[in-house]
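Below is one structure, written out as structure tokens, with a few remarks after it.
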Amino acid sequence: MKDNVIVNSICECIKEKILSKEMFPGYRIVEDELSAELGVSRTPLRRALIKLQYEGFLYIIPNRGTYVVQFTPEEIAHIYEARLCLEEGMAPSLIQRVTEEDICALKVIHEKIRAEIHTMSPADYSMLNKEFHLRLVSIAKNDHLKRFAEEIHNRVALLLIYYDNSSNSVDSVLRHEEMIKALEQKNPDALIRAIRADSQLANYR
């Protein structure tokens, strides 16, 4: 249990460095330097790096090193295609299983984004956007889909921080509002339209 706490703590430290742009896409992690900086041994550090690779933040090349993920235009398109396929495919299940508690939880996240959209940092927005979409996916109560969604949205979060040249976050708030309304009305077609519209807002160069 204690080892898992240490690994999770290391993961959070590395995520913070990535989200704050201290570690940027393509950044090579030097294990000796990072273990000394964090005051941990190499064993839990390596476990943390493997965990972060699984979560979509890093990639490990055997005998070469560990790097923060970076994306080609094609990979960016594939990430958004994966998110669209996942969420659109789940729409009927979300409509069928949504509860008032789910809708209230989405509204809380949505209102926080809406209230701070003009002042929050890209990192804060990306994390709240991720929280909204993962809460949406959780309505289906399918742990397998939730794991897939978490990996996808970890990457979406990095895209929003490092690659987003748009001002579409305000429009995304409107799409989130449409999703909530569709869930309240039990309208799968409206939910799919909102999901598709939200996925089309990305504008990367």
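The values are calculated or read from the model by the stated rules, or taken from the named source; none is laboratory data. Predicted, not measured: the structure shown is a model, and the values here were computed from it. FYI the Cβ positions are ideal-geometry reconstructions off the backbone, even for glycines, and counts take in every protein chain you see.
Does at least one position in region 92-107 carry a residue that is assigned to a helix (DSSP H, G or I), surrounded by 15 or more Cβ atoms within 10 Å (Cβ to Cβ), hydroxyl-bearing (Ser, Thr, Tyr) and touching a residue at least 24 places away in the same chain (Cβ under 8 Å)?
Yes, some residue in region 92-107 is assigned to a helix (DSSP H, G or I), surrounded by 15 or more Cβ atoms within 10 Å (Cβ to Cβ), hydroxyl-bearing (Ser, Thr, Tyr) and touching a residue at least 24 places away in the same chain (Cβ under 8 Å).
Among (1) closer than 14 Å to Val173 by Cβ; (2) in a helix (DSSP H, G or I), where does Met120 come up short?
All conditions pass for Met120, except number (2).
Answer yes or no as to whether Ile139 is within 15 Å of the chain's Cα centre (by Cα) and surrounded by 15 or more Cβ atoms within 10 Å (Cβ to Cβ).
no
Being of a type in the set (Asp, Glu) and farther than 20 Å from Ile195 by Cα is the filter; apply it to region 108-136 and report the residue that is surrounded by the most Cβ atoms within 10 Å (Cβ to Cβ).
Checked region 108-136; the qualifying residue surrounded by the most Cβ atoms within 10 Å (Cβ to Cβ) is Asp124.
Please determine whether any residue of region 143-160 is loosely packed, with under 14 Cβ neighbours inside 10 Å and not in a helix (DSSP H, G or I).
no
Kindly indicate whether any position in region 59-75 is under 30 Å from Lys181 (Cα atoms), at pLDDT below 95 and in contact with a strand residue (DSSP E or B) (Cβ under 7 Å, 6 or more places away or on another chain).
no
What number of residues within region 130-184 are of a type in the set (Asp, Glu) and under 23 Å from Glu75 (Cα atoms)?
4
Taking the condition of being assigned by TED's automatic domain parsing to the domain that holds Pro188 and either touching a His at 6+ places or on another chain (Cβ under 8 Å) or among the basic types (Lys, Arg) (or both), how many residues in region 53-105 meet it?
Of the residues in that region, 3 qualify.
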